[in-house]
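Visitor: Starting off with a structure, shown below.
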Amino acid sequence: MTTVEILLSYTTPPTEQASLALASTKDVYGIRRLSFDHAARTLRVEYDATRLTAAAVTKLVRETGLEIDEELPMIPPQSDPEPAPAA
């Protein structure tokens, strides 16, 4: 088993119907965990990459009715450090 995570941003909070559908995705063989960050409007999905692809997971989430905006990188881009002030 190869555990992988995907981070998806969504546009609007999930409806009750979408929430119920998302809960049932845990029954899909290969989906391990779903976790929301409501403040950041993201959904993190942990899945078995030997069973599913990122595209299949994204499609599965979209089919629940959750409006996915984009897939985000798991590690945010690093900005260049500011130079130290001259003494």
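Visitor: Go through the stretch 30-45 residue by residue and turn each phi into a ³J(HN,Hα) via Karplus (6.51, -1.76, 1.60, θ = phi - 60°); whole Hz please, and just put x for glycine and proline.
Guide: x, 7, 9, 7, 10, 9, 9, 10, 5, 5, 8, 6, 10, 10, 9, 10
Visitor: Turning to a different aspect of this structure: Hey, if you drop one equal point scatterer on each alpha-carbon of the stretch 3-72 and run the Debye formula without solvent, what base-10 log of I(q)/I(0) do you get at q = 0.14, 0.24, 0.26, 0.28 Å⁻¹?
Guide: Listed by q, the Debye log ratios stand at -0.35, -1.09, -1.29, -1.48.
Visitor: Continuing with this model, one more query. Under 5 Å between amide hydrogens, which residues at least 5 positions from residue 32 or on another chain qualify, with H placed 1.01 Å from N in the peptide plane?
Guide: The answer is 46, 47, 48.
Visitor: Which net charge results when you count Lys and Arg as +1 and Asp and Glu as -1 among the other residues whose beta-carbon is under 12 Å from that of residue 1?
Guide: Residues close to residue 1 contribute a combined charge of 0.
A short reminder: the numbers here are calculations on the coordinates, not readings from a lab. What you see is a predicted model; the values in this text were computed from it and never measured. Ideal geometry is used to build each Cβ from the backbone, glycine not excepted, and the neighbour counts take in all protein chains shown.
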